[in-house]
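Read through the structure below, which is laid out as structure tokens, and then see the notes.
The values are calculated or read from the model by the stated rules, or taken from the named source; none is laboratory data. This one's a predicted model, so the numbers in the text were calculated from it and none came from an experiment. Here Cβ is always computed from backbone atoms with ideal geometry, including for glycine, and neighbour counts include all displayed protein chains. We work out accessible area using only protein heavy atoms, side chains counted, and drop any ligands, DNA or RNA first. Shrake-Rupley method; radii C 1.70, N 1.55, O 1.52, S 1.80 Å.
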Amino acid sequence: MSAPRLWLVRHARPEVAPGLCYGRLDVAANVRHSRESARLLAQALPPRLAALHHSPLQRCELLAQDLLALRADLASKAEPRITEMDFGQWEGRAWNDIARADIDAWTTRFGHHAPGGGEPLAAMLTRVSAALDEAAAQAHAGGGDVVWITHAGVARCVHWLLTHGAARMPLSHEWPQSAPGYGAWTTVLLPLKGQPQAAPARG
């Protein structure tokens, strides 16, 4: 029997200017795109899930609400651990306006430097790792897939954790670049804690 999957669903297209830094910043998503993304997701999801969680930021909550309007059999719970990285004072600023020295300080100590005085990647990996362990336990106990409606940064954390584990911090050039597009998703297999890690599977 194959391992259950975690669906990493990214929120719909945000209503922000191009080149803006936004992580924990609670920006809205495009309403029409969110509804269309929910329609496609509702058709793709299996009939039975072990759990469905969404980031409490409004761009993810909207997609969760749109999905539930189409799938009355589902219920979603807000999960703060799958929220995007907090970029502190960088939030809401154009990336081009952030000093090169500040960007370099972050990439030099990529795992432990807090960008903009916000959240270090190490802290984000810790919380996502805990949520990932819980998702695996839920999936195996419930005999179904788990769905996260979340962010690109969280998806990258999951791929790093499944490939390398939580013991080693990535260097900036090692950090995964691929992530689901807006309103799209990928899936990964969910091994129980202590079992061999499964390679990510595209969905």
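So, in region 62-117, of the ones that are over 20 Å from the mean Cα position of the chain (by Cα), part of a loop (DSSP other than H, G, I, E, B) and among the hydrophobic types (A, V, I, L, M, F, W, C), which residue ends up farthest from Leu41 (Cα to Cα)? Ranking the candidates gives Ala99 first.
Residues that are touching a residue at least 40 places away in the same chain (Cβ under 8 Å) and farther than 21 Å from Asp86 by Cβ within region 17-40 comprise His33, Ser34, Glu36, Ser37, Leu40, listed in sequence order. Cβ-Cβ distances below 9 Å connect the following pairs, each with a first residue in region 171-192 that is under 21 Å from Gly144 (Cβ atoms) and open to solvent by less than 60 Å² (accessible area, probe 1.4 Å), a second residue that is part of a loop (DSSP other than H, G, I, E, B) and of a type in the set (D, E, K, R), and a separation of six or more residues or different chains: Thr186/Arg202; Thr187/Arg202. Quick check on region 50-66: of everything there that is polar (S, T, N, Q) and open to solvent by 20 Å² or more (accessible area, probe 1.4 Å), which residue is nearest to Val128 (Cα to Cα)? Restricting to residues being polar (S, T, N, Q) and open to solvent by 20 Å² or more (accessible area, probe 1.4 Å), the top hit is Gln58. Applying the condition of being within 16 Å of Val158 (Cα to Cα) and among the small types (Gly, Ala, Ser) to region 102-130 and asking which residue is least open to solvent (accessible area, probe 1.4 Å) yields Gly111. Residues that are closer than 20 Å to Trp106 by Cβ and in a loop (DSSP other than H, G, I, E, B) within region 147-165 comprise just one, His151.
So, of the residues in region 137-156 that are farther than 28 Å from Ala29 by Cβ and either polar (S, T, N, Q) or in contact (Cβ under 8 Å) with a residue 60 or more places away in the chain (or both), which turns out to be least open to solvent (accessible area, probe 1.4 Å)? Across region 137-156, the extreme among qualifying residues is Gly142.
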